[in-house]
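**Q** My structure is below; once you've seen it, I'll send some questions.
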Amino acid sequence: MTPTYSRLTIDDRGVARLTLDRPDVHNAFDDHLIAELNSHLERLHDGAHHGEVRVVVLGSEGKSFSAGADLGWMKRMVEYDFDGNLADSRKLATLMHRLDTLPCPTLCRVQGAAFGGAVGLAACCDVVVASEKAKFCLSEVKIGLSPAVISPYVQRALGERQARRYALTAEVMDAATAQGLDLVHRVVAPDELDAAVDAMLETLLAGSPQAQRATKALLAEVAREPDSKATREHTCRVIAELRVSAEGQEGLASFFDKRRPAWTTDAPQNNPDTTATERRS
């Protein structure tokens, strides 16, 4: 029977928890885990587009978030030719891209060591909450490799200058350093980690699901082309479409009526009133 290295649960609020579950090997990546995560993320993309998934929480079991590449997998890769390695790398690239482009907000819970590709996982998430015991390292150059596939996401998080330093030195960043470099948003004591994740989760659930999806897509577009006529027009269309949408009207009405908006109820909102902006993205 094929072992399962991860699990996905979705509760009645639309909160999805995607959990790496290989604590015996510190949640290390191999081709099997990557395939599982790709399958889960494909399902989450569909759920988020249809309003069934509100927020995704990425975490792991055990003392480490993820030790990076699995040693057994690395030994097998030594035997691959160039084409085999290229095909293998593309699967990891798909994983990072799918996580980075999930339409809904993503929240990463880091309890311990996050090495190699695990730094990429954190960099792909919208919000990262870490324990004081967390450590981050782009360790690839120490074994003659490069953080190549994760580099677009890590460099975006750290900035070019800091990414150069940590990718070339393979220095270990403690949680406070990672926060100072913008890889992590909040650092808490180990026994406060779950409470901090839950608090951030509630904050995210208070937002309009449609507005969050549109905003996430918009920010990605603005990052690609910050100041152009096309971008300016796009930003105008996003806000105009949201203002006239059913969810936008509900948000404004609830504000003026001094009541909670409808989307803050426990059940996820299957929202057919998806904006044209979301459909294009």
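The values are calculated or read from the model by the stated rules, or taken from the named source; none is laboratory data. In this text, all values refer to a predicted model and were calculated from it rather than measured experimentally. Ideal geometry is used to build each Cβ from the backbone, glycine not excepted, and the neighbour counts take in all protein chains shown. We work out accessible area using only protein heavy atoms, side chains counted, and drop any ligands, DNA or RNA first. Shrake-Rupley method; radii C 1.70, N 1.55, O 1.52, S 1.80 Å.
**Q** Output the residue which, of all residues in the stretch 121-150 that are out of contact with any strand residue (DSSP E or B) (no Cβ under 7 Å at 6 or more places or on another chain) and small (Gly, Ala, Ser), is nearest to VAL184 (Cα to Cα).
**A** Out of the qualifying residues, it is ALA123.
**Q** Quick one: ALA157 ticks every box in (1) buried (at least 24 other Cβ atoms within 10 Å of the Cβ); (2) within 17 Å of the chain's Cα centre (by Cα) bar one, so which box is it?
**A** Of the numbered conditions (1) buried (at least 24 other Cβ atoms within 10 Å of the Cβ); (2) within 17 Å of the chain's Cα centre (by Cα), the odd one out for ALA157 is (1).
**Q** Moving on to the next point. Restricting the search to the stretch 98-112, which residues are farther than 20 Å from GLY207 by Cβ and either open to solvent by 30 Å² or more (accessible area, probe 1.4 Å) or of a type in the set (Ser, Thr, Tyr) (or both)?
**A** ARG98
**Q** Grab the helices (runs of 4 or more DSSP H) fully contained in the stretch 131-191, keeping just those with 3 or more residues being in contact with a helix residue (DSSP H, G or I) (Cβ under 8 Å, 6 or more places away or on another chain) and without any contact (Cβ under 8 Å) to a residue 60 or more places away in the chain.
**A** Of the helices (runs of 4 or more DSSP H) lying wholly inside the stretch 131-191, those with at least 3 residues that are in contact with a helix residue (DSSP H, G or I) (Cβ under 8 Å, 6 or more places away or on another chain) and without any contact (Cβ under 8 Å) to a residue 60 or more places away in the chain span 151-158, 160-169.
**Q** Identify all residues within the stretch 5-64 that are open to solvent by less than 40 Å² (accessible area, probe 1.4 Å), under 23 Å from PHE136 (Cα atoms) and assigned to a strand (DSSP E or B); write none if there are none.
**A** SER6, LEU18, THR19, LEU20, PHE29, VAL56, VAL57, LEU58, GLY59, SER60
**Q** Pairs only if they're at least six apart or on different chains, beta carbon under 9 angstrom, first in the stretch 16-35 and touching a residue at least 60 places away in the same chain (Cβ under 8 Å), second open to solvent by 50 Å² or more (accessible area, probe 1.4 Å) and not in a loop (DSSP other than H, G, I, E, B); list them, first residue then second.
**A** Partner pairs satisfying both residue conditions: HIS26/PHE115; ASP31/ARG76; ASP31/LYS91; ILE34/LYS91; ILE34/THR94.
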